[in-house]
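Written below as structure tokens is the structure these notes are about.
The values are calculated or read from the model by the stated rules, or taken from the named source; none is laboratory data. Small disclaimer: the values here were computed from a predicted structure and weren't measured. When we count neighbours, we look across all protein chains shown, and the Cβ atoms used for this are built from the backbone with ideal geometry, even at glycine. Calculation scope for accessible area: heavy atoms of the full protein, side chains included, ligands and nucleic acids excluded. Shrake-Rupley method; radii C 1.70, N 1.55, O 1.52, S 1.80 Å.
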Amino acid sequence: MRSPASVKTLEDLGRRKLSTSFFMREFLYSEISQIERIPNIPTDPELAVAAGSGLCEHVLEPLQAQLGRISIRSAFRAASVNEVGAANGNQYGCASNEANRARHIWDERDAEGTMGAMACVVLTTYLPYFQSTKDWQALAWWIHDNIPAYSELEFFTKNEVLAFNIGWRERDPRKTIHAWAPKRVCLTKPGLPNHNSSHKAAYAAWRGEA
């Protein structure tokens, strides 16, 4: 499939089913694209669909099945959109294109030739707990223990609506967790003592297991 160049071909791309619950169209919206008037359309739709399918099938579907509805905040970014979002002095705060390949830039492989995808999501069922406790780590550790295919997590804690990036890679998942709380902190990554230990105590109160 070529990069869409008409309403019909873009509609056809949007109708592509990525998994049981998710369609490509849900992942194409971008505020940067809207404001800067840059089309958020993949140049390699087949790679974008394949990467998005991996994210949805292996990460988002299992998460939604166990914890309830996922709201997609942002996900796919065309390289041209991400480049504007990452420009020096820009207020959008995106990582560079090099860093975002096989992450938010679904239609390009990373420097290792690996396919991947990332979405920024909100787990609506977690919001009441977060709003009352400001605890993002309970959800982070639960995902780490129960969604084995995730590659990375990054939480944004400054708002009442907790949003987080969640990524998937076709091989060698990074298994890292970071947060802006308010400065960027690392909760875990391979090699840290807490990476492979039990984390049930961190989310027992949230899950009603305390």
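Distance between the pseudo-spin-label points of Glu160 and Asp145 (7 Å out from Cα toward the beta carbon): 3.0 nm.
Look at the alpha carbon pairs under 8 Å that are at least 6 residues apart: their mean separation over the length of the chain gives a relative contact order of 16 percent. Sequentially through region 141-155, phi angles give Karplus couplings (6.51, -1.76, 1.60; θ = phi - 60°) of 5, 5, 4, 4, 7, 10, 10, x, 8, 5, 10, 7, 10, 9, 9 Hz, Gly and Pro residues having no value and appearing as x. Remark: region 124-140, residue by residue, has Karplus-estimated 3J(HN,Hα) of 5, 5, 8, 4, x, 5, 5, 5, 8, 10, 6, 8, 9, 5, 4, 5, 4 Hz, where x stands for each Gly or Pro and the curve is 6.51 cos²θ - 1.76 cosθ + 1.60 at θ = phi - 60°. Please work out whether the chain counts as rounded, prolate or oblate from its C-alpha gyration tensor, where a ≥ b ≥ c are the square roots of the eigenvalues and a/c under 1.5 means rounded, while otherwise a/b larger than b/c means prolate and anything else oblate? Verdict is prolate for the chain.
Determine the shape class of region 1-94: with a ≥ b ≥ c the square roots of the Cα gyration tensor eigenvalues, call it rounded for a/c under 1.5, and otherwise prolate if a/b is greater than b/c, oblate otherwise. The shape class here is oblate. The sum of -39500 (n - 2.57) across all DSSP H runs of n ≥ 4, divided by the residue count of the chain, sets its helix-only mean residue ellipticity at 222 nm to -7500 deg cm²/dmol.
The packing ranking of peptides 49-56, 96-103, 107-114, 183-190, highest mean first, is 49-56, 96-103, 107-114, 183-190, where packing means the average number of other beta carbon atoms within 10 angstrom of each residue.
Accessible area per residue for region 110-187, computed on protein heavy atoms with a 1.4 Å probe, is 42 Å². Each residue of region 96-103 is assigned a 3J(HN,Hα), and the resulting list reads 5, 4, 4, 6, 9, 5, 6, 10 Hz, derived from the Karplus form 6.51 cos²θ - 1.76 cosθ + 1.60 (θ = phi - 60°), x at Gly and Pro. The simple spin-label model puts a point 7 Å past each Cα toward its Cβ; for Glu209 and Lys183 those points are separated by 3.3 nm.
Which of the pairs Lys158/Lys189; Lys134/Lys175; Lys17/Lys183; Lys17/Lys158; Lys8/Lys175 have their Cα atoms more than 27 Å apart in this structure?
On the way: Lys158/Lys189 23 Å; Lys134/Lys175 23 Å; Lys17/Lys183 37 Å; Lys17/Lys158 33 Å; Lys8/Lys175 39 Å.
In this structure, Lys17/Lys183; Lys17/Lys158; Lys8/Lys175 exceed 27 Å between Cα atoms.
What whole-number distance in Å separates the alpha-carbon centres of region 122-160 and region 169-210? Centre-to-centre distance over Cα atoms comes out at 10 Å.
Taking a Cβ cut-off of under 13 Å around Phe130, the surrounding Lys, Arg, Asp and Glu residues balance to a net charge of 0, with basic ones at +1 and acidic ones at -1. Here region 110-210 carries DSSP beta bridges of which approximately 75% are antiparallel, counting only pairs with both residues inside. Over all other residues within a Cβ to Cβ distance under 15 Å of Pro173, the charged ones net out to -2, with Lys and Arg as +1 and Asp and Glu as -1.
Normalised by the number of residues in region 81-123, what is the relative contact order in percent for Cα pairs under 8 Å and 6+ residues apart?
Working: 51 pairs, mean separation 10.7, N = 43.
Answer for region 81-123 is 25 percent.
Based on the Cβ-Cβ distance from Arg73 to Ser6, what FRET efficiency comes out when R0 is 35 Å, to the nearest 0.05? E(calc), rounded to 0.05, equals 0.80.
Leaving out ligands, DNA and RNA, and with a 1.4 Å probe, what % of the accessible surface on region 37-139 is carbon or sulfur?
Percent of accessible area from carbon and sulfur atoms in region 37-139: 47.
Once you have a ≥ b ≥ c as the square roots of the Cα gyration tensor eigenvalues for region 1-49, tell me rounded if a/c is under 1.5, and otherwise prolate or oblate according to whether a/b is larger than b/c.
On the way: a/c = 1.91, a/b = 1.33, b/c = 1.44.
Because a/c hits 1.5 or more and a/b fails to exceed b/c, region 1-49 counts as oblate.
Per residue, the accessible area of region 1-97 comes to 53 Å², computed with a 1.4 Å probe over protein heavy atoms only. Under a 5 Å amide H cut-off, with hydrogens placed 1.01 Å from N, Glu108 pairs with Ala102 among residues at least 5 apart or on other chains.
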